[in-house]
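Single-structure report; data block below.
The values are calculated or read from the model by the stated rules, or taken from the named source; none is laboratory data. Keep in mind that what you see is a predicted model, and the values were worked out from it rather than measured. Methodologically, a virtual Cβ is constructed for each residue, glycine included, from the backbone with ideal geometry; neighbour enumeration extends over all protein chains shown. Heavy atoms of the whole protein, side chains included, go into the accessibility calculation; ligands, DNA and RNA do not. Shrake-Rupley method; radii C 1.70, N 1.55, O 1.52, S 1.80 Å.
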Amino acid sequence: MIRIRELRKSFGALEVLKGIDLAVEWGEVVCVIGPSGSGKSTLLRCVNLLEEPTAGSVTVGGAEVTDPDVDIDRVRRRIGMVFQAFNLFPHLTALENLTIAQRRVLRRDKAEAVRIGRDTLRRVGLTGKEAAYPAQLSGGQQQRVAIARALAMDPELMLFDEPTSALDPELVGDVLAVMRALADEGMTMLVVTHEMSFAREVADRVVFMDDGVIVEEGGPEQVVAAPRHPRTRAFLTRVLDPAAARVVPDDGSRDARSGR
Ligand SMILES: Nc1ncnc2c1ncn2[C@@H]1O[C@H](COP(=O)(O)OP(=O)(O)OP(=O)(O)O)[C@@H](O)[C@H]1O
Ligand SMILES: [Mg+2]
């Protein structure tokens with residue numbers, strides 16, 4: 001489904017991806033873990049060309065997105081993307097958030113878009129919330145609307161970039177449950193996450209990135225439970241050890257980064 005070869009990405013003098021090789025097979029769930037600033041989001045964004053790679057190639061479902069002649073809109077139609085921030089239209093209801101792209105991009109008629117929209121909201125456990133505006137929904141519900149919006153477009157591949165990082169802890173579970181069900185249904189998923197239990201239980205493969213390279217890759221029972229590389233071990237200790245997490249707030253490094 002995805003083939004990434006020798007992918008490099010620089011922002012000016014800063015090389016963020018330093019030669020990434022990664023394949024994701026149809027129906028596979030691959031979780032990407034790694035420290036803040038290691039290039040995880042950039043990697044994901046190169047898959048649907050939200051970032052233009054500096055070198056290397058990326059193919060999605062056989063289409064080379066790095067080919068200058070590619071019809072990128074057509075490729076993007078096959079890919080659903082869910083970000084940390086939900087990016088819903090605030091002035092549209094949950095159902096309207098789901099129907100607008102179906103109508104504009106897929107040219108579905110209103111009745112069909114509404115039917116699929118309702119079905120998809122049901123899939124993510126939001127029956128009864130069709131008429132609610134985003135501000136009337138919890139963060140977890142908003143994120144499930146965002147997932148449903150992507151699913152209503154019938155994607156072949158879903159990209160998730162830390163979909164639960166902005167949520168209060170008690171809301172994380174509902175979103176992960178939706179993602180787990182999607183994985184069980186056979187959706188191909190590339191997921192950047194800090195949820196190690198999700199990676200351990202749902203991922204077919206886990207990729208640990210650090211400083212723009214893939215340091216370690218393998219089944220979760222290896223990478224998460226018995227990492228071989230010292231950098232993977234150090235990262236997991238930081239993430240899994242609550243005492244370490246308390247002294248290094250999750251968003252501290254992000255603030256430092258945005259100040260650069
Ligand atoms: N548009 C941009 N312009 C310049 N630098 C950028 C841009 N986007 C990302 N970077 C830099 O690239 C590096 C990798 O960023 P990226 O967002 O991919 O990291 P990440 O692994 O997703 O981190 P986090 O876990 O905090 O989300 C960082 O040093 C960041 O500052
Ligand atoms: Mg990121």
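Annotations
- The lone exception for ALA183 - which of (1) under 26 Å from ARG107 (Cα atoms); (2) open to solvent by less than 60 Å² (accessible area, probe 1.4 Å); (3) assigned to a helix (DSSP H, G or I) it fails: (1)
- Among all residues of the range 101-109, there is none that is more than 20 Å from SER41 (Cα to Cα), at pLDDT 95 or above and in contact with a Leu (Cβ under 9 Å, 6 or more places away or on another chain).
- Test result for THR164, within 16 Å of ligand 2 (Cβ to nearest atom), closer than 22 Å to SER38 by Cβ and touching a Cys at 6+ places or on another chain (Cβ under 6 Å): no
- Among the residues of the range 63-86, none qualifies, meaning not one is aromatic (Phe, Trp, Tyr), over 15 Å from the mean Cα position of the chain (by Cα), away from ligand 1 (no atom under 11 Å from the Cβ) and within 30 Å of ALA101 (Cα to Cα).
- Taking every residue in the range 43-59 that is farther than 13 Å from GLY19 by Cβ and polar (S, T, N, Q) and pairing it with any residue that is within 14 Å of ligand 2 (Cβ to nearest atom) and open to solvent by 20 Å² or more (accessible area, probe 1.4 Å), at least 6 positions away or on another chain, the pairs with Cβ-Cβ distances below 8 Å are ASN48/MET81.
- The lone exception for LEU49 - which of (1) modelled with pLDDT of 95 or more; (2) of a type outside the set (Val, Ile, Thr); (3) over 10 Å from VAL213 (Cα atoms) it fails: (1)
- Helices (runs of 4 or more DSSP H) completely within the range 12-111 that count 2 or more residues being open to solvent by 60 Å² or more (accessible area, probe 1.4 Å): 72-76, 94-104
- Residue among PRO53, PRO35, PRO90 that alone is over 14 Å from the mean Cα position of the chain (by Cα), over 17 Å from LYS9 (Cα atoms) and within 16 Å of ligand 1 (Cβ to nearest atom): PRO35
- For first residues located in the range 156-176 and in contact (Cβ under 8 Å) with a residue 40 or more places away in the chain and in a loop (DSSP other than H, G, I, E, B), partners that are within 15 Å of ligand 2 (Cβ to nearest atom) and open to solvent by 40 Å² or more (accessible area, probe 1.4 Å) and lie 6+ apart or on another chain with Cβ distances below 7 Å form the pairs GLU162/GLN84; GLU162/HIS194; PRO163/GLN84; SER165/GLN84; SER165/HIS194; ALA166/GLN84; ALA166/ALA85.
- Meets criteria (under 30 Å from VAL16 (Cα atoms), surrounded by fewer than 16 Cβ atoms within 10 Å (Cβ to Cβ) and touching a Lys or Arg at 6+ places or on another chain (Cβ under 9 Å)) for GLU217: no
- Subset of the range 150-168 (residues that are in contact with a strand residue (DSSP E or B) (Cβ under 6 Å, 6 or more places away or on another chain) and among the β-branched types (Val, Ile, Thr)): none
- Residue within the range 168-188 that is of a type outside the set (Val, Ile, Thr), within 24 Å of ILE2 (Cα to Cα) and within 16 Å of ligand 1 (Cβ to nearest atom) present: no
- Taken over the range 142-172, the criterion of being open to solvent by 20 Å² or more (accessible area, probe 1.4 Å) and at pLDDT 95 or above is satisfied by GLN142, ARG144, ARG149, MET153, ASP154, GLU156.
- The residue that is modelled with the lowest pLDDT, among those in the range 234-260 that are of a type in the set (D, E, K, R) and within 13 Å of MET196 (Cα to Cα), is ASP241.
- Taken over the range 113-140, the criterion of being farther than 19 Å from MET81 by Cβ, without any contact (Cβ under 8 Å) to a residue 40 or more places away in the chain and open to solvent by less than 70 Å² (accessible area, probe 1.4 Å) is satisfied by ALA113, VAL114, ASP119, LEU126, GLY128, GLU130, ALA132, SER138.
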